[in-house]
């Protein structure tokens with residue numbers, strides 16, 4: 001190769017490609033490292049909540065447990081059941097991880113659109129995607145293919161049941177999840193996540209969408225937990241009923257891929273909750289667009305990560321706080337509570353925008369909608385109890 | 001058999017109010033509990049290999065063959081234990097006692113006990129007329145081969161030599177007396193298998209078999225309550 005040819009090649013590599021590669025490496029690398037320690041944190045938190053000690057044998061306080069786990073996942077025997085559909089069985093964990101990782105591409109994981117950030121750092125893999133929110137929901141709902149294919153290909157009744165449940169659950173919760181965010185898209189008149197983030201940051205503390213859309217925040221958080229198959233909505237893998245659900249037959253690294261996918265989903269969800277409702281990297285006095293001191297972007301990054309961390313810890317706390325829903329309760333919650341509520345919330349946003357009312361009205365309206373929903377459900381329950389034969393009446397038939 | 005009508009208590013489903021139907025107060029209540037456990041962290045787990053549990057006195061572990069005052073094996077090869085054994089894990093070959101053992105006719109030439117087959121029911125201990133076989137507190141029995149865990153006479157005597165000075169494994173031999181259980185005026189309390197907090201139901205029970213408090217983790221240590 002003649003001299004100078006290599007320099008030419010570098011000239012043709014666009015700067016953007018390098019930046020994107022840095023962003024991908026940073027995001028995926030950080031993600032994998034963080035997930036392994038989040039798993040340790042979750043195990044520790046679970047243990048503390050249950051008055052246990054948690055992993056404490058590998059290194060002081062068990063801080064090297066993730067390495068032991070990783071080694072175990074790599075070295076364990078990788079069993080493929082004899083009657084499994086091999087192609088789908090192998091593809092399923094990959095699809096599960098790929099789709100959740102893909103969704104992270106449009107999520108800003110640091111301060112975007114801020115001065116002072118080094119040129120090679122861009123805290124989003126794919127910037128300026130106009131349909132960012134739609135992209136995320138489209139891609140994360142594909143994650144259910146990993147679950148369904150895995151359950152089906154295992155050729156195991158429990159796995160199939162688990163994946164059936166998962167598909168019904170994800171389809172049901174997709175609707176409130178998308179509709180709860182539509183209100184924000186209407187208010188900000190954009191679907192671009194970066195723009196939504198910038199709007200809140202420049203608007204200040206009271207412009208966080210949480211204050212105008214508290215109900216949407218609740219609905220979004222609830223359905224996102226259901227989408228991620230986290231407790232109390234982990235019906236697709238509940239151990240007591242379905243052994244392990246769709247991943248019963250999976251072992252070693254393939255199981256780890258499913259696990260990684262689930263955690264990536266949790267992280268994406270937490271990022272979205274913070275970015276859509278809690279102002280992203282913005283925090284009054286500490287990190288505002290006006291803060292121009294050197295290293296302000298690091299503070300912003302830390303603010304964002306702290307918020308995300310708090311949401312993740314909340315998800316972990318909720319895991320041992322709420323018992324798992326029964327399947328009909330799960331469906332009732334989605335179809336009878338979350339979908340009507342998110343529809344009503346969207347209507348409220350549309351009405352407010354159409355008639356040009358003050359958008360601060362949306363906060364009280366959300367609370368009002370929530371109260372109305374509560375009153376209606378109390379009424380229904382009372383009516384149901386009234387029309388049911390009382391236990392004493394029943395007793396005449398039962399006791400001989 | 002049908003249950004008598006007056007013995008049946010019918011319970012109506014409790015009515016749910018507004019706040020209960022919205023789920024939120026219950027969730028916050030639950031969060032308060034879980035967070036309290038994290039911030040006020042008091043583990044109850046025992047760190048096993050470092051901290052060994054204090055087992056109740058009636059625990060039945062690995063067997064031993066007791067020695068008499070002269071250091072000879074106490075067993076008289078009467079076969080009662082082998083007969084009583086429901087798992088059929090004891091095999092004894094008796095032979096005539098040496099002439100300088102005038103107190104018995106027979107003694108076990110071989111005494112092999114399959115520790116893997118044993119179900120640790122303690123019937124051999126009960127059957128033995130001379131209190132020669134006893135169950136100790138040793139529970140962490142391990143071996144690399146099955147043959148290793150076929151305990152013969154010498155091994156069982158070894159277990160005796162190792163455990164005879166342990167206060168938790170006292171020699172229970174009392175020739176001509178009934179067993180220790182016969183002397184209980186009332187049933188002693190038995191600690192639960194795991195430690196419980198004083199607020200626990202099993203700690204508050206006054207019936208035998210369940211009482212346990214923090215001050216007195218093992219009632220058998222207290223000469224006042226145990227025999």
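Observations on the structure shown:
- For the range A:307-329, the set of residues classified as closer than 14 Å to residue A:226 by Cα and in contact (Cβ under 8 Å) with a residue 40 or more places away in the chain consists of A:315, A:316, A:318, A:319, A:322, A:323, A:324, A:325, A:327, listed by residue number.
- Residue B:35 being more than 35 Å from the chain's Cα centre (by Cα) and either more than 10 Å from chain A (Cβ to nearest Cβ) or under 30 Å from residue A:42 (Cα atoms) (or both): yes
- Near pairs, Cβ below 6 angstrom, 6+ apart or cross-chain, from the range A:365-382 (facing another protein chain (nearest Cβ under 7 Å)) to any residue that is assigned to a helix (DSSP H, G or I) and exposed (fewer than 14 other Cβ atoms within 10 Å of the Cβ): A:374/B:18; A:378/B:18
- The residue list A:304, A:235 contains one member that is in contact (Cβ under 8 Å) with a residue 24 or more places away in the chain, closer than 30 Å to residue A:376 by Cβ and either surrounded by 23 or more Cβ atoms within 10 Å (Cβ to Cβ) or within 14 Å of another protein chain (Cβ to nearest Cβ) (or both), which is A:235.
- Qualifying residue in the range B:40-55 (condition: in contact with a helix residue (DSSP H, G or I) (Cβ under 9 Å, 6 or more places away or on another chain), assigned to a loop (DSSP other than H, G, I, E, B) and more than 11 Å from every other protein chain (Cβ to nearest Cβ)): yes
- Looking only at the range A:25-59, and only at residues there that are modelled with pLDDT of 85 or more, more than 14 Å from every other protein chain (Cβ to nearest Cβ) and farther than 21 Å from residue A:262 by Cβ, the one that is surrounded by the most Cβ atoms within 10 Å (Cβ to Cβ): A:58
- Once the range A:39-73 is narrowed to residues that are part of a helix (DSSP H, G or I) and in contact with a helix residue (DSSP H, G or I) (Cβ under 6 Å, 6 or more places away or on another chain), the residue that is nearest to residue B:32 (Cα to Cα) is A:49.
- Single residue of B:73, B:130 found to be within 29 Å of residue B:55 (Cβ to Cβ), more than 24 Å from the chain's Cα centre (by Cα) and surrounded by 15 or more Cβ atoms within 10 Å (Cβ to Cβ): B:73
- Candidate set from the range A:307-321 (those that are within 12 Å of chain B (Cβ to nearest Cβ) and assigned to a helix (DSSP H, G or I)); member that is surrounded by the most Cβ atoms within 10 Å (Cβ to Cβ): A:316
- Which listed residue is at pLDDT 90 or above and either closer than 30 Å to residue B:36 by Cα or not in a loop (DSSP other than H, G, I, E, B) (or both), from A:331, A:346, A:300: A:346
Matching residues to (1) farther than 30 Å from residue A:313 by Cα; (2) buried (at least 16 other Cβ atoms within 10 Å of the Cβ):
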residue: B:13; (1), (2): yes, no
residue: B:22; (1), (2): no, yes
residue: B:46; (1), (2): no, no
residue: B:52; (1), (2): yes, no
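- The range A:203-219, residues that are more than 11 Å from residue A:370 (Cα to Cα) and either modelled with pLDDT of 85 or more or outside any helix (DSSP H, G or I) (or both): A:204, A:208, A:209, A:210, A:211, A:212, A:213, A:217
- From the list B:69, B:93, the one residue that fits, being in a strand (DSSP E or B), out of contact with any helix residue (DSSP H, G or I) (no Cβ under 7 Å at 6 or more places or on another chain) and without any contact (Cβ under 8 Å) to a residue 24 or more places away in the chain, is B:93.
The values are calculated or read from the model by the stated rules, or taken from the named source; none is laboratory data. For clarity, every value in this text was computed on a predicted model and none was experimentally measured. Glycine gets a Cβ as well: all are built from the backbone with ideal geometry, and neighbour counts include every protein chain shown.
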